[in-house]
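Enquirer: One structure follows; several queries about it will come next.
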Amino acid sequence: MIFLSLCIRLGPMSSTPETFTEVLHPDLARFPRARLSVVKGPDKGVEVVLEGQTVVIGSDESCQLKLTDGSVSRRHFELSGGPGGYRLRDLRSTNGVFIEGVQVLDAKLTDKTRLAVGRSELRFEPERHEIQWPLSPHERFGEILGKSTTMRRAFALLERAAPTDSSIVLEGETGTGKEALARAIHEKSKRHENDFVVVDLTASNEQLIESDLFGHEASVNRPVARPGALEEAEGGTLYINEVSELPLSLQPKLLRVLESKELKRNAQSPSVKVDVRLICSTQKDLETEVKAGRFREDLYFKLSVFRVRVPPLRERPEDISMLVRHFEAKAAIESKTRVTPLGEEMIEMLARHDWPGNVRELRAVLERLAAFPDLGAGAIAKALGKNMDGEEASGKGMSQEMTKQLLALPYHDAKDRVLESFEKTYLVEHLKAANGVVTRAAQRAGLPRQSVHRMLRRLGISGVDEA
């Protein structure tokens, strides 16, 4: 078995007759391996080795470095590797991250560094051993685009994994394009002439999940027998969305099918041969689910021959420009009208946003900018201190008093203040249009309802849920 673990981010793309692909160099990304150790606090001695992956530090079970320090936030900060070193980002923690007594929100770590987090102290220490990432010479995989190092690293792995029959687990936030990635893998596999079947385990009960996956025989309650997705995908690929939601009682049944390549619904039914390739996705870290006893370890290893963590859009801002131009070209083709491209300064504003809804959110924002420039572009420009033509709003776009207040703050604090203003303006407008209903506002914004709820709580804005 080959087991590879990556941190990548992919976004949902639609096919357009564009020519983004070009040969890029170099073919390797190099950066030092590093170690993050707890040297003071209740978790002294705990450490994690950094080999390019994104590591989240906090008190939540899902964190790769979990701390029991009560003064540490659930998701306190993250470290992500790349050429030249590691990037530290504060994840809006309550007590902050300090380096030599100075609070940092975003920093590049290249040398030995001590970090103060709550009542704990951590040591970041690069090692002499150098990590090398093979990079694809291409900036697209199927319909999926990206020229950033993380994307080209992903493409290099996927170009090797796609032609095999090995199973793959895609881990990442909602809106990162995990299904689009799965489809691209299928199209480049030897199974591409057969079906690509999707099963979504979210918002389903155990009985429905069992029927969707394995099918059911005719009975009193269900007089018509039907095959499940495992049979429907015969010779092709089965994509299971949110595989972490598979009930524990059904996990042994799926494992038996994968190992025996036979499906038997019940003791009386005949065995059915099953030949499928499995690609699964999840928003949760399956290793954490295994440790918590919510996911079988043997099934985890069977599914994750290749394991790919799909990072959020905020980790690859250098791809924003390419994605914007892609969606503009797509919109022009679909509407058969000329689309006015965004200026470079507006794209820079978009690159500074955190994108909690990821590529799906970016696409929705661009659609709104095109359809309602008085709402979208105006809100973004005003919040980020820009005029509509992209020029700095020194006296007209924002008051001199506001400018003075922002200039008195450190850069990252001023940026956070402006972004918070944008979020508040943006969400209030959508709540108004949705009559205060959060679910409808989330749909308009192209964001998950849970993410909008969190943003509203943080900003002190009230909304209501549909009954």
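The values are calculated or read from the model by the stated rules, or taken from the named source; none is laboratory data. Please read these numbers as outputs of a predicted model, since none were measured by experiment. Please note that ligands, DNA and RNA were not included when accessible areas were found on the heavy atoms of the full protein model with its side chains. Shrake-Rupley method; radii C 1.70, N 1.55, O 1.52, S 1.80 Å.
Enquirer: Skip the ligands, DNA and RNA, and give the accessible area per residue of the stretch 256-305 with a 1.4 Å probe, whole Å².
Expert: 53 Å²
Enquirer: Given H placed 1.01 Å from N in the peptide plane, which residues other than close sequence neighbours of ARG74 have an amide H under 5 Å from its amide H?
Expert: The list, which skips near neighbours in sequence, is SER59.
Enquirer: Can I get the semi-axes of the stretch 234-301's equivalent ellipsoid? Compute them from the C-alpha gyration tensor as square roots of 5 times the eigenvalues, in angstrom, largest first.
Expert: That gives 23, 15, 9 Å for the three semi-axes.
Enquirer: For the pairs LYS44/LYS291; LYS273/LYS302; LYS66/LYS253; LYS66/LYS302, note any where the Cα-Cα span goes beyond 23 Å.
Expert: Checking Cα-Cα distances, LYS66/LYS253; LYS66/LYS302 exceed 23 Å.
Enquirer: Over all directions, the average projected area of the alpha-carbon convex hull for the stretch 278-369 comes to how many nm²?
Expert: That works out to 8.1 nm², a quarter of the Cα hull's surface.
Enquirer: Computed from the mean reciprocal separation of all distinct C-alpha pairs, what Kirkwood hydrodynamic radius does the stretch 192-332 have, in Å?
Expert: The Cα-based Kirkwood calculation yields 17.1 Å.
Enquirer: Let me ask something additional. Rounded to a whole number, what % of the accessible area of the stretch 111-217 do carbon and sulfur atoms account for, probe 1.4 Å?
Expert: About 42 percent, which is the carbon plus sulfur part of the accessible surface.
Enquirer: Along the stretch 180-185, what does the Karplus equation 6.51 cos²θ - 1.76 cosθ + 1.60 (θ = phi - 60°) give for ³J(HN,Hα), rounded to whole Hz, x for Gly and Pro?
Expert: So the Karplus estimates, Gly and Pro as x, are 4, 5, 4, 5, 5, 4 Hz.
Enquirer: Just to check I understand the Karplus step: with θ = phi - 60° and J = 6.51 cos²θ - 1.76 cosθ + 1.60, what whole-Hz values come out for the stretch 444-455, glycine and proline as x?
Expert: 5, 7, x, 10, x, 4, 4, 5, 5, 4, 5, 5
Enquirer: Give or take rounding to whole Å, what are the principal axis extents of the alpha carbon atoms in the stretch 50-125, in descending order?
Expert: Result, largest extent first: 33, 28, 19 Å.
Enquirer: Now, a different point. What whole-number value in Å² describes the accessible area per residue of the stretch 23-114 for a 1.4 Å probe?
Expert: So the stretch 23-114 comes to 48 Å² accessible per residue, rounded to a whole number.
Enquirer: Do you know the relative contact order of the stretch 261-376, to the nearest whole percent, from alpha carbon pairs under 8 angstrom that are 6+ apart?
Expert: Contact order relative to length: 18 percent.
Enquirer: While we're on this one: Which whole-Hz ³J(HN,Hα) couplings does the stretch 36-47 yield from phi under the Karplus relation 6.51 cos²θ - 1.76 cosθ + 1.60, θ = phi - 60°, glycine and proline marked x?
Expert: 10, 10, 8, 10, 8, x, x, 10, 3, x, 6, 8
Enquirer: Beyond 16 Å, how much of the Cα-Cα pair distribution for the stretch 78-187 remains, as a whole percent?
Expert: 69 percent
Enquirer: Given H placed 1.01 Å from N in the peptide plane, which residues other than close sequence neighbours of CYS280 have an amide H under 5 Å from its amide H?
Expert: Here ILE168, VAL169, LEU170, ILE240 satisfy the definition.
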